[in-house]
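Chemist: Submitted below is the structure of interest, expressed as structure tokens.
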Amino acid sequence: MRYSAKPSKKNGPERLREEKMKILIVEDQLSIQEKLRFVLEGHGSIDTALNGREAVEAFCRALANRSPYDLVLMDIQMPEMDGQTALKEMRKAEVTMSKANLLSWDKKLAFIVMVTSLEDPGNCMEAYFKGRCNGYITKPVDSRELLDKLRDNGLIP
Amino acid sequence: MTDGAHRKRILIVDDIPGNIKVLMEILGDGYDISIATSGSTALQIVAKKVPDMILLDIIMPDMDGFELYAKLRTMASLRDVPVIFITAQSEPENETHGLALGAVDFIARPINPAVILARVKTHLALKDAQREALQAAHAKSQYLAYMSHEIRSPLNGILGLVGLLAKRKSQDPKSLQFLELIEQSGQHLLAVVNDILDHSKIEANKVSLENIPFNLRELLAKTLDLFSLSAKEKRIKLGWRCTDAVPAIIFGDPNRLRQVLYNLVANAIKFTKKGRVDLEVGMAGCCEESLTVQFAVRDTGIGIPPDVLNVLFQPFAQADASIARTFGGTGLGLSICASLVRLMGGEIQVESRPGEGSCFSFTATFSRSFVPAEPALANLATPTAAILGDCRILVVDDIETNRVFLGELLATLGIRQVELACDGQEALARLHEQAFDLVLMDCHMPVLNGLEVTRTLRGQEAAGGKGARTPVIALTASITETDRARCFAAGMDDFLAKPVDAQILLQVLHRWLRVTPGPSAVEPTPDLAIRPDLAPESAAGSPLDETAFDAESRIMGKERMDRLVRAFFQDLERNMVALRMAVAAQDAHKIFEVAHALKGCCGAVYATGMTRHCEEMQQVGKTGALGRATPLLEQLEVEHALLRKTLEKKRT
């Protein structure tokens with residue numbers, strides 16, 4: 001095991017991981033993708049998607065292949081399908097999978113962090129309180145804040 | 001100030017040496033004794049050194065004890081010195097007289113040593129205790145004022161930001177409701193803190209009244225206006241009356257007067273369930289120099305019980321829980337009113353009948369003519385300080401903290417007529433209503449920013465055809481070449497870098513206020529108004545925040561930073577293309593989206609100048625003020641080319 005299971009301090013799931021963490025970064029601006037990639041390097045394997053639609057496709061594919069994403073970082077403002085919609089779709093897919101018992105017992109739901117700009121906290125708070133996402137961070141991304149959040153929730157040591 | 005630690009000094013005044021000898025035998029060991037055998041000698045001694053206590057024989061030739069006592073009481077330095085009269089037993093009327101005059105005690109002959117020792121000791125101890133108590137109270141007042149100040153500053157910040165948040169259109173109703181509640185709590189807290197601050201300032205006699213001209217009737221109307229909504233909700237009739245005898249313009253402190261009236265009217269409304277609240281103003285007396293005005297706030301409310309009436313104007317009378325429950329508030333409001341009224345040369349009183357209503361009335365004295373400015377202003381070493389007082393300035397800034405700060409700053413510079421506007425719309429309305437000598441305009445405001453307001457104003461001025469031109473000074477956190485050009489193009493006359501420096505502000509005011517008759521075409525010399533040290537990104541004209549960029553390069557490593565910059569170039573091109581198309585298509589929503597995305601990218605490489613302009617473009621998209629889109633886009637084209645060059649250089 002790469003790291004032992006840790007009970008989370010906040011409301012994150014307990015994680016028992018034997019392989020590398022699967023991370024999905026959903027961001028349409030390449031420079032910001034790069035930044036996020038840099039922050040999360042070494043904590044898992046990183047995939048990227050440029051918009052909500054691509055993200056949902058990748059997410060569902062991973063679910064179907066029995067190797068779902070552990071962590072998703074998703075910008076709210078994106079073309080084609082925005083973050084909020086994508087979030088809804090992802091959670092819907094998870095529910096479907098678990099109902100059909102296609103989700104292994106030890107795999108909990110993905111930890112999804114929304115990335116928002118300071119001007120639009122209302123949107124994020126809504127998503128957060130409705131229990132769909134696990135947290136949010138604001139742009140410009142503070143790497144320490146992000147890592148602290150992940151640490152607090154037992155995703156990284 | 002003397003402390004109580006020294007050996008106490010007692011002055012004995014008696015014309016009979018034998019008596020003095022007796023007292024010296026009793027008191028000589030414990031105290032330092034001075035002797036005077038006549039009133040005149042006594043006066044000479046106290047003039048040189050103040051004793052801690054005086055023992056005074058009543059029967060003396062030339063000047064008897066009472067006469068001497070009266071003289072002693074006129075000396076300020078002896079005000080707090082206890083005086084004990086020494087009398088013969090057969091003169092009870094002397095004792096009464098002495099005590100009535102203000103002596104603290106008397107001792108009858110023949111003198112009982114134990115008694116006199118005890119009496120002297122007690123009175124000296126009392127004096128010490130009193131001084132300590134006063135010192136403690138003073139220290140507590142100062143501490144309270146300091147803490148209140150510490151609390152007030154961040155609280156203002158919180159309220160300012162809450163106000164901003166509430167203005168943002170993206171808030172959902174629940175959030176808005178929460179924000180409103182937060183704001184109410186914050187305002188209440190601020191009111192409490194302000195009351196405490198005010199109260200302690202007044203106690204410490206640190207409050208002085210202004211002496212400026214104001215329109216009393218206007219003040220009455222405006223003050224009552226504040227209550228029109230709450231009165232309407234309670235279905236209470238609200239009105240004011242002012243007799244014709246009261247002149248239109250009087251000189252005094254309108255803010256403090258308003259404070260008192262506000263407090264009284266607020267209370268009246270609070271404790272009235274139905275009926276009316278009236279503000280009645282009339283003349284109570286006048287002379288050549290000044291006039292006394294009578295104010296009365298009458299209500300048909302629940303009234304005040306007689307036992308409460310007595311303590312109403314004392315601070316913290318509501319320490320009594322039952323009163324607090326009825327009255328609420330900080331317990332300081334009426335006490336502050338009483339102090340302020342006293343400062344204004346009047347007295348406050350209340351009449352009330354439970355179940356019928358109350359009437360709070362007070363008098364205040366005002367001047368008829370202008371009294372010269374406070375000496376503090378002279379320190380500014382500027383001959384036109386008095387003239388500055390006549391000027392009228394409009395401050396436009398969407399952040400309350402900034403507005404308040406500028407208002408205070410202007411006041412210290414001698415500007416008494418300052419109007420505050422919180423956004424471009426309000427600014428335009430005010431400018432339409434009245435003439436201003438100068439406008440301090442924040443550039444970056446939501447909805448309608450400073451440049452747009454200025455452009456509109458210039459347009460109106462030109463249309464008016466009167467040739468009037470109000471100087472507009474830009475307030476901005478960044479003064480780059482491009483910013484300056486834009487401000488000039490919009491019609492602004494000069495700039496001030498934030499945070500605003502008092503000396504520089506004064507210079508700007510002198511340059512632009514018509515302190516000599518007739519308009520003059522003044523050339524702005526922005527070098528004085530600009531503080532390049534405060535605009536780091538314009539230091540070398542670089543579009544990047546070089547320091548931050550270099551720091552990040554070190555953290556990420558050259559290779560990764562390189563990858564980041566290459567990714568950024570791709571984003572830059574892609575977004576600029578999209579932005580050009582969106583502007584051409586006048587698609588506000590798309591403009592918003594692209595500008596927002598571009599802003600994020602620019603932030604990632606610390607391109608601060610461009611980030612700001614993206615923000616402006618974002619606003620354009622959000623508000624639909626598409627007139628700005630093309631000029632802004634031109635701006636961005638220039639900047640993006642420069643940014644590219646700079647970043648390329650960094651890569652090599």
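What follows draws every value from the coordinates through simple rules; no lab data is involved. This structure is a prediction, so every number in the text was calculated from the model and none was measured. With ideal geometry, Cβ positions are generated from the backbone for all residues, glycine too; neighbour counts draw on all protein chains shown.
Chemist: Within the stretch B:154-259, report the trypsin sites (Lys or Arg not before Pro) that DSSP leaves as loop and that have at most 11 other Cβ atoms within 10 Å. Display every interim value, and only then the final one.
Modeler: Details: sites: B:Lys167, B:Arg168, B:Lys169, B:Lys174, B:Lys201, B:Lys206, B:Arg217, B:Lys222, B:Lys232, B:Lys234, B:Arg235, B:Lys237, B:Arg241, B:Arg256, B:Arg258; in loops: B:Arg168, B:Lys169, B:Lys206, B:Lys234, B:Arg235.
The qualifying sites are B:Lys169, B:Lys206, B:Arg235.
Chemist: Using a 10 Å cut-off on Cβ to Cβ distances, tally the other chain neighbours for every residue of B:567-574 and report the average as a whole number. All intermediate terms of the calculation are to be shown ahead of the outcome.
Modeler: Working: counts 8, 6, 2, 3, 7, 3, 0, 3.
Mean number of neighbouring Cβ atoms from other chains: 4.
Chemist: Kindly express, to the nearest 10 degrees and within the range 0 to 90, the angle between helix B:173-203's C-alpha long axis and the longest C-alpha principal axis of chain B.
Modeler: The angle comes out near 30 degrees.
Chemist: Rounded to whole Å and sorted largest first, what semi-axes of the equivalent ellipsoid does the C-alpha gyration tensor of chain B yield via the square root of 5 times each eigenvalue?
Modeler: Values: eigenvalues 889, 207, 133 Å².
Sorted largest first and rounded, they come to 67, 32, 26 Å.
Chemist: Please give the average number of partner chain Cβ atoms lying within 10 Å of the Cβ of each residue in B:597-610, rounded to a whole number.
Modeler: Values: counts 9, 1, 5, 13, 6, 3, 7, 11, 2, 1, 0, 0, 0, 0.
For this peptide, the per-residue mean of nearby foreign Cβ atoms is 4.
Chemist: At 7 Å along Cα-to-Cβ for each site, give me the label-to-label distance between B:Arg392 and B:Leu229 in nm.
Modeler: 2.6 nm
Chemist: Still on this structure: Please find the FRET efficiency linking B:Lys140 to B:Ala462, where r is the Cβ-Cβ separation and R0 is fixed at 35 Å, and quote it to the nearest 0.05. Before the final figure, lay out the partial values.
Modeler: Numbers: r = 60 Å, r/R0 = 1.72.
For B:Lys140 and B:Ala462, the calculated efficiency is 0.05.
Chemist: Same structure again: Just counting partner chain Cβ atoms within 10 Å, what average do the residues of peptide B:551-564 show around their Cβ? Intermediate values should be presented prior to the final figure.
Modeler: Working: counts 0, 2, 0, 0, 2, 4, 1, 0, 0, 5, 2, 0, 5, 8.
The shielding value for this peptide is 2.
Chemist: For Cα pairs less than 8 Å apart in space and 6+ apart in sequence, what is the mean separation divided by the residue count of chain B, i.e. the relative contact order in percent? Mind dumping the intermediate values first?
Modeler: Details: 919 pairs, mean separation 38.7, N = 652.
Once normalised by length, the contact order is 6 percent.
Chemist: Once the piece of chain linking B:Leu78 and B:Glu132 is laid out straight, how much longer is it, given 0.36 nm per residue of separation minus the C-alpha distance between them? Intermediate values should be presented prior to the final figure.
Modeler: On the way: separation 54, 0.36 × 54 = 19.44 nm, distance 1.78 nm.
Extra length from B:Leu78 to B:Glu132 when fully extended: 17.7 nm.
Chemist: Let me ask another. Which order do B:Cys443, A:Cys60 fall in if you start with the one that has the fewest other Cβ atoms within 10 Å? Numbers along the way, then the final one.
Modeler: Details: B:Cys443 25, A:Cys60 18.
Least to most surrounded, the residues fall as A:Cys60, B:Cys443.
Chemist: Against the longest principal axis of chain B, how steep is helix B:588-604, in degrees 0 to 90 to the nearest 10, with axes from Cα atoms?
Modeler: 70 degrees
Chemist: Would you kindly derive the ³J(HN,Hα) couplings of the stretch B:48-57 from the backbone phi angles with the Karplus curve 6.51 cos²θ - 1.76 cosθ + 1.60 (θ = phi - 60°), listing them in order in whole Hz, with x for Gly and Pro?
Modeler: 7, 9, 7, x, 8, 7, 10, 9, 10, 7
Chemist: Distance cut-off 21 Å, Cα to Cα: go down the list A:Lys88/B:Lys590; A:Lys139/B:Lys622; B:Lys498/B:Lys599; A:Lys88/B:Lys622 and report the pairs above it.
Modeler: Working: A:Lys88/B:Lys590 24 Å; A:Lys139/B:Lys622 19 Å; B:Lys498/B:Lys599 23 Å; A:Lys88/B:Lys622 26 Å.
Violating the 21 Å limit, Cα to Cα: A:Lys88/B:Lys590; B:Lys498/B:Lys599; A:Lys88/B:Lys622.
Chemist: Can you give the convex hull volume of the alpha carbon atoms of the stretch B:134-203 per residue, in Å³?
Modeler: On the way: hull volume 4.3 nm³, N = 70.
Per-residue hull volume (Cα only) is 62 Å³.
Chemist: Another question about this same structure. What aspartates and glutamates does B:Lys48 reach when the alpha-carbon gap must be under 18 Å and sequence neighbours fewer than 8 apart in one chain are set aside?
Modeler: B:Asp32, B:Asp80
Chemist: Please rank B:Asp397, A:Asp82, fewest neighbouring Cβ atoms within 10 Å first, as an exposure proxy. The partial results should precede the final answer.
Modeler: Details: B:Asp397 26, A:Asp82 17.
If I rank by nearby Cβ atoms, fewest first, I get A:Asp82, B:Asp397.
Chemist: How high is the relative contact order of the stretch B:140-256, in percent, counting Cα pairs under 8 Å that sit 6 or more residues apart? Mind showing how you got there, number by number?
Modeler: Details: 78 pairs, mean separation 35.0, N = 117.
It comes to 30 percent, rounded to a whole number.
Chemist: Also, I was wondering about something else. Which is farthest toward the positive dipole end of the stretch B:134-203 among B:Tyr146, B:Gln187, B:Gln171, measuring Cα position about the Cα centre, with Cβ charges +1 (Lys, Arg) and -1 (Asp, Glu)?
Modeler: Of the listed residues, the answer is B:Gln171.
Chemist: Using a 7 Å offset from the Cα along the Cα-to-Cβ direction at both B:Asn310 and B:Asp32, what is the distance between the two label points in nm, to one decimal?
Modeler: So the label points at B:Asn310 and B:Asp32 sit 4.5 nm apart.
Chemist: What aspartates and glutamates does B:Lys234 reach when the alpha-carbon gap must be under 19 Å and sequence neighbours fewer than 8 apart in one chain are set aside?
Modeler: B:Asp225, B:Asp278, B:Asp299, B:Glu356
Chemist: Measure up B:Lys222/B:Lys270; B:Lys71/B:Lys127; A:Lys22/B:Lys649; B:Lys237/B:Lys270; B:Lys49/B:Lys201 against 25 Å on the Cα-Cα distance and list the ones that go over. Please report the intermediate quantities before stating the final value.
Modeler: Details: B:Lys222/B:Lys270 19 Å; B:Lys71/B:Lys127 21 Å; A:Lys22/B:Lys649 37 Å; B:Lys237/B:Lys270 13 Å; B:Lys49/B:Lys201 33 Å.
In this structure, A:Lys22/B:Lys649; B:Lys49/B:Lys201 exceed 25 Å between Cα atoms.
Chemist: Could you order peptides A:134-145, A:22-33 by the average number of other Cβ atoms within 10 Å of their residues, highest first? Could the numbers behind the result be given before it?
Modeler: Details: A:134-145: 16.8, A:22-33: 24.4.
For the peptides A:134-145, A:22-33, the packing ranking is A:22-33, A:134-145.
Chemist: How do the peptides A:74-80, B:44-50 rank, highest first, by the average count of neighbouring beta carbon atoms within 10 Å per residue? Write down the numbers at each step before the final one.
Modeler: Details: A:74-80: 21.4, B:44-50: 13.4.
In decreasing order of mean packing, A:74-80, B:44-50 become A:74-80, B:44-50.
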